[in-house]
Structure formats: C-alpha cells, structure tokens
Ligand SMILES: C[S@@+](CC[C@H](N)C(=O)[O-])C[C@H]1O[C@@H](n2cnc3c(N)ncnc32)[C@H](O)[C@@H]1O
C-alpha cells in the first residue's frame, strides 16, 4: 500500500513506528520511485535481481508485489548493504523474507553478467547518478563539488556497464528496468542506447525498448511526465506534483 501524507503534515518529522506485524509501519520515499518497480511488471514466481539496491526503498517495493520467488539484492558498497540489511529486517516480516529467498550481496554489479548470466526474469538497474534533487538542496556528498568532477564525468560509462550487466543477467524473454533520479539525457536515453548497442555489437544480443505509454496514462493525474521523452519516461517535479525527477526505461531481452 502507498500513502501520501496530508499537506498539513508535510515538513513535520514523519517517524515510522513499529506496527502490529512487528515491523515498521511505513518507509518514506519519493512516490515517483515506485514507478520503475510497478512498470517492471513482476509476475508470480519471478526470479528477480536488484543490481544497485541500497538503501533498499525499491527492494521493499519489489518484495511488496508478493511475486518474488528469489530476490537477489546487491550493492557495491558494503556500508550501504549494511543499511539495506537493516531496512529489510526492520520492514519485512521474516516469513516474507524467507519465502522470497532474499539474498544480499556486495559485488561489483558490472561483473554480474559474467557471474550469473541468462538467469533472471526481471532485473532492476537503479544506477548511481547525479541525484539532481539531492544535489540542488544538499552540500554534503554533492556530486557537483569540484573535487568530484572526474567521478561525475565517468558516471555515464559506469551506468552503461551496469545496464549491460543487468541485460546479460536477464533470461532471453525477460525484462530489465533502467532508472535514475536525474534529468540528464547523458545519464538517461544515451545510456539506454549505448547499452543496447554494446549488447548487439559485443554479444549479438537483441534488446527491445518497451512502449510505456499505457503505463504513463495510468499515472498522469498524479505525476508530471516530461512530454517529449523519446526513449523511456521521465517524471519531472512541478508545483502541482512535486515528485521526481525519475527516469525509467523498460527493456525486453529478445535473444
Ligand atoms: C540510486 S542508488 C540505489 C537506490 C536504491 N535502488 C533504492 O531504491 O534505495 C545507486 C546505488 O548504486 C550503488 N553502486 C555504485 N556502483 C555500483 C556498482 N559498480 N555495482 C553495484 N552497485 C553500485 C551505490 O552504492 C548506490 O547505493
């Protein structure tokens, strides 16, 4: 279930509490973050990979679908996988964690395709990006700091490698969702196109971008979608619907 607090409560500190199931009663996140998970369209019994999972908001949403037969939740950073473990223990009842066979790892996601190729029905690739809303408001950990210029410039290449790994980890006929919380074409559409070309040229694997128009129409009253996004969908914050930014693009691995 997804609830938005009434406007009068926005700005107050909203502290989740332990509820009647012994787990915390809600996880606070940008509502647009749910869209990539919903659009991934999990089916009952799916094996699922969340390649860049920490701190775990979207992992929780994947588990909430009730469809995961196996869920691999990975993040390169061991400190962040520690947070992910805490989130899973605080928010997901033990029987659900066991039923969904949740496995948490700290591997470099770029190598996943070599480790577990052709394995998953659904893969979420929620990559590190310039986190544009955070970068606008927070000094701490801001990727636009001069000292982080090189890291910033390398982001699109890292994103292509992660998406390519996600596609390689997917079974033929399975689906991948690529997402960022950035407005940048370089981190969004160009990455999708780059990864698709890489798979075609280096692995002879064909990938199709899915048309999410019917999905977008379902959510047009709640979110503001950028009208001229050529590949994938982009939710942009506006005064009437202050969610996002959130870019997401669904792909089907054909071969
Ligand atoms: C946008 S965050 C993920 C947010 C998460 N999906 C959620 O909903 O809470 C991107 C994550 O990618 C991780 N990351 C960066 N490089 C990675 C790599 N090479 N392999 C796997 N994860 C990586 C970062 O540590 C970071 O936690």
The stretch 146-158 residues that are in contact (Cβ under 8 Å) with a residue 12 or more places away in the chain, paired with ones that are within 14 Å of the ligand (Cβ to nearest atom) (beta carbon under 6 Å, 6 or more apart):
152/143; 156/187; 156/191
Specify the residue that is farthest from residue 165 (Cα to Cα); the eligible residues are those in the stretch 93-104 that are at pLDDT 95 or above and surrounded by 15 or more Cβ atoms within 10 Å (Cβ to Cβ).
102
Could you tell me whether residue 179 is within 15 Å of the ligand (Cβ to nearest atom) and surrounded by fewer than 20 Cβ atoms within 10 Å (Cβ to Cβ)?
no
Go through the stretch 69-82 and count every residue that is crowded, with 16+ Cβ neighbours inside 10 Å and over 18 Å from residue 111 (Cβ atoms).
2
Please give the strands (runs of 3 or more DSSP E) falling wholly within the stretch 8-121 in which 1 or more residues are in contact with a strand residue (DSSP E or B) (Cβ under 7 Å, 6 or more places away or on another chain) and near the ligand (Cβ under 9 Å from one of its atoms).
46-50, 68-74
With the condition kept exactly as written, say whether any residue in the stretch 147-159 is modelled with pLDDT of 95 or more, buried (at least 20 other Cβ atoms within 10 Å of the Cβ) and either touching a helix residue (DSSP H, G or I) at 6+ places or on another chain (Cβ under 6 Å) or more than 18 Å from residue 40 (Cβ to Cβ) (or both).
yes
Being modelled with pLDDT of 95 or more and over 19 Å from the mean Cα position of the chain (by Cα) is the requirement here; does residue 200 meet it?
yes
Filter the stretch 122-134 for residues that are outside any loop (DSSP other than H, G, I, E, B) and touching a helix residue (DSSP H, G or I) at 6+ places or on another chain (Cβ under 9 Å); the one that is nearest to the ligand (Cβ to nearest atom) is 126
Counted residues, the stretch 135-151 - those being over 21 Å from residue 234 (Cα atoms), more than 12 Å from the ligand (Cβ to nearest atom) and assigned to a helix (DSSP H, G or I)
5
What pairs come up if the first residue lies in the stretch 1-22 and is exposed (fewer than 10 other Cβ atoms within 10 Å of the Cβ), the second is modelled with pLDDT under 75, and their beta carbons are under 9 Å apart, counting only those six or more places apart or on different chains?
12/5
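The values are calculated or read from the model by the stated rules, or taken from the named source; none is laboratory data. All of these numbers come straight from a predicted model, not from anything done at the bench. As a convention, Cβ positions derive from the backbone with ideal geometry for all residues, glycine included, and neighbour counts pool all protein chains shown.
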